[in-house]
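What follows is a set of notes on a single structure, which appears directly below.
The values are calculated or read from the model by the stated rules, or taken from the named source; none is laboratory data. Please read these numbers as outputs of a predicted model, since none were measured by experiment. Positions of Cβ are generated from backbone atoms using ideal geometry, with glycine treated the same way; all protein chains shown enter the neighbour counts.
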Amino acid sequence: SGALTQVSLDIKQVSFTYPQQLQSALKDITLTVKAGQHVAILGRTGCGKSTLLQLLTRAWDPQQGEIQLNGIPLSELDESTLRAATSVVPQRVHLFSATLRDNLLLAAPQASDEQLSTTLERVGLEKLLPDAGLNGWLGEGGRQLSGGELRRLAIARALLHDAPLMLLDEPTEGLDAETERQILDLLAEVTAGKTVLMVTHRLRGLKRFDSIIVMDNGQIKERGNHAEL
Ligand code: ATP
Ligand code: MG
């Protein structure tokens, strides 16, 4: 099957319990996201926001209900198609102890050094370049990144991957107000035309979203747009 250029999602009565847990993390979640729509996901810590995003990448499969991508159940979609269709900025960004180049290439193995440098500039990480350039060593035995730099690195990976579905898990968590504003502006620019699910704790910037869902204890408690909620 060819690469998908647009993605719609249909989450139908999905319930999910983590292995060896008694309480379900998601209960009867139903959500439709049309191609190109931007959805913000809010809710208290532990309510299931990250779990919902993880189900979309098939890190886990629900015990009940079904998730469809462009009308095809995720379980019937081949893994490479799903991977190619989805860019993820995870809540916990992983830095490999490897060169800056290799830390980016895992998202886009074909990217040229020029593309990597351009992307680093785009996310405001060009200051990592002067020392050893893309050969600079990161992580253990090398340069550690600050929280904000890690977020930017994850966004750079997502940009290089350039998929039609973007799953963003608190991309500005722990950032100062000015950096947050920069990152949200950058995200608004690069997510135009893509289907977006973004988990956030912040009420700032919600006007930009087509729809907002509020989760509580594994369920969707409220849904609407900025004007309605
Ligand atoms: P936060 O805002 O703090 O990131 P969240 O809404 O993203 O919270 P989740 O990470 O989705 O919450 O977690 C939902 C529930 O599932 C929590 O009670 C959490 O403890 C539990 N949970 C998460 N991951 C696992 C796991 N791998 N195994 C068992 N339980 C888990
Ligand atoms: Mg989370």
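Taking the stretch 196-210, which residues are outside any loop (DSSP other than H, G, I, E, B) and either within 16 Å of ligand 2 (Cβ to nearest atom) or surrounded by fewer than 19 Cβ atoms within 10 Å (Cβ to Cβ) (or both)? First the steps, then the outcome.
Here is the first cut: in the stretch 196-210, the residues outside any loop (DSSP other than H, G, I, E, B) are 196-199, 206-208.
Correct list: L197, M198, V199, L206, K207, R208.
Regarding the stretch 99-110, can at least one residue be identified that is of a type in the set (K, R) and on the phi > 0 side of the Ramachandran plot?
Looking only at the stretch 99-110, we keep the residues that are of a type in the set (K, R), and these are 101.
The next check asks that each one be on the phi > 0 side of the Ramachandran plot; those that pass are none.
Within the stretch 99-110 (the criterion being of a type in the set (K, R) and on the phi > 0 side of the Ramachandran plot), the answer is no, since none of the residues qualifies.
Among the residues that make up the stretch 37-48, is at least one of them surrounded by fewer than 17 Cβ atoms within 10 Å (Cβ to Cβ), in contact (Cβ under 8 Å) with a residue 60 or more places away in the chain and within 15 Å of ligand 1 (Cβ to nearest atom)?
Within the stretch 37-48 (the criterion being surrounded by fewer than 17 Cβ atoms within 10 Å (Cβ to Cβ), in contact (Cβ under 8 Å) with a residue 60 or more places away in the chain and within 15 Å of ligand 1 (Cβ to nearest atom)), the answer is yes, since at least one residue qualifies.
Go through (1) more than 14 Å from ligand 1 (Cβ to nearest atom); (2) under 28 Å from L206 (Cα atoms); (3) outside any strand (DSSP E or B) for T81 and report which single condition fails.
(2)
Between a residue in the stretch 158-182 that is in contact (Cβ under 8 Å) with a residue 24 or more places away in the chain and on the phi > 0 side of the Ramachandran plot and any residue that is in a strand (DSSP E or B) and not aliphatic (A, V, I, L, M), which pairs come within a Cβ distance under 8 Å, given they are 6 or more apart or on different chains?
Short answer, once both residue conditions are applied: D162/S87.
State whether the residues of the stretch 117-136 include one that is acidic (D, E) and within 16 Å of ligand 1 (Cβ to nearest atom).
Applying the first criterion (acidic (D, E)) to the stretch 117-136 yields 121, 126, 131.
Next cut, within 16 Å of ligand 1 (Cβ to nearest atom) only: none.
Looking through the stretch 117-136, none of the residues is acidic (D, E) and within 16 Å of ligand 1 (Cβ to nearest atom).
Mind checking whether some residue in the stretch 136-150 is among the aliphatic types (A, V, I, L, M), free of Cβ contacts under 8 Å to residues at least 40 places away in the same chain and crowded, with 18+ Cβ neighbours inside 10 Å?
Taking the stretch 136-150 and keeping what is among the aliphatic types (A, V, I, L, M), we get 138, 145, 150.
From what's left, free of Cβ contacts under 8 Å to residues at least 40 places away in the same chain: none.
There is no residue in the stretch 136-150 that is among the aliphatic types (A, V, I, L, M), free of Cβ contacts under 8 Å to residues at least 40 places away in the same chain and crowded, with 18+ Cβ neighbours inside 10 Å.
Being at pLDDT 95 or above and surrounded by fewer than 16 Cβ atoms within 10 Å (Cβ to Cβ) is true for just one of E114, E121. Which residue is that? Please lay out each step first, then the result.
Details: E121 fails: at pLDDT 95 or above.
It is E114.
Determine if the stretch 56-66 includes at least one residue that is surrounded by 14 or more Cβ atoms within 10 Å (Cβ to Cβ), more than 30 Å from L206 (Cβ to Cβ) and among the hydrophobic types (A, V, I, L, M, F, W, C).
no
Of these, G141, G148, G174, G193, which one is part of a loop (DSSP other than H, G, I, E, B), away from ligand 1 (no atom under 16 Å from the Cβ) and either under 28 Å from G36 (Cα atoms) or of a type in the set (V, I, T) (or both)? Explain how you work it out, then say what you get.
Details: G141 fails: either under 28 Å from G36 (Cα atoms) or of a type in the set (V, I, T) (or both); G148 fails: part of a loop (DSSP other than H, G, I, E, B); G174 fails: away from ligand 1 (no atom under 16 Å from the Cβ).
Result of the check over G141, G148, G174, G193: G193.
Give me the pairs: first residue in the stretch 73-84 and of a type in the set (S, T, N, Q), second residue modelled with pLDDT of 95 or more, beta-carbon distance under 7 Å, and six or more apart or on different chains, which are they?
S75/D61
Please find, within the stretch 211-229, the residue that is farthest from V123 (Cα to Cα) out of those that are in a loop (DSSP other than H, G, I, E, B) and of a type in the set (G, A, S). Steps first, answer last, please.
Of the residues in the stretch 211-229, the ones in a loop (DSSP other than H, G, I, E, B) are 217-218, 225-229.
The next check asks that each one be of a type in the set (G, A, S); those that pass are 218, 227.
Details: G218: 33, A227: 31 Å.
Result: G218.
Please identify the pairs in which a residue from the stretch 49-63 that is within 23 Å of I212 (Cα to Cα) has its Cβ atom under 7 Å from the Cβ atom of a residue that is assigned to a loop (DSSP other than H, G, I, E, B), counting only partners at least 6 apart or on another chain.
Hits for this filter: S50/Q91; T51/A25; Q54/W60; L55/P62.
I need the strands (runs of 3 or more DSSP E) fully contained in the stretch 1-77, keeping only those with at least 3 residues that are more than 16 Å from ligand 2 (Cβ to nearest atom) and over 20 Å from the mean Cα position of the chain (by Cα).
Details: elements: 9-16, 26-33, 38-43, 64-69.
Answer list for the stretch 1-77: 9-16, 64-69.
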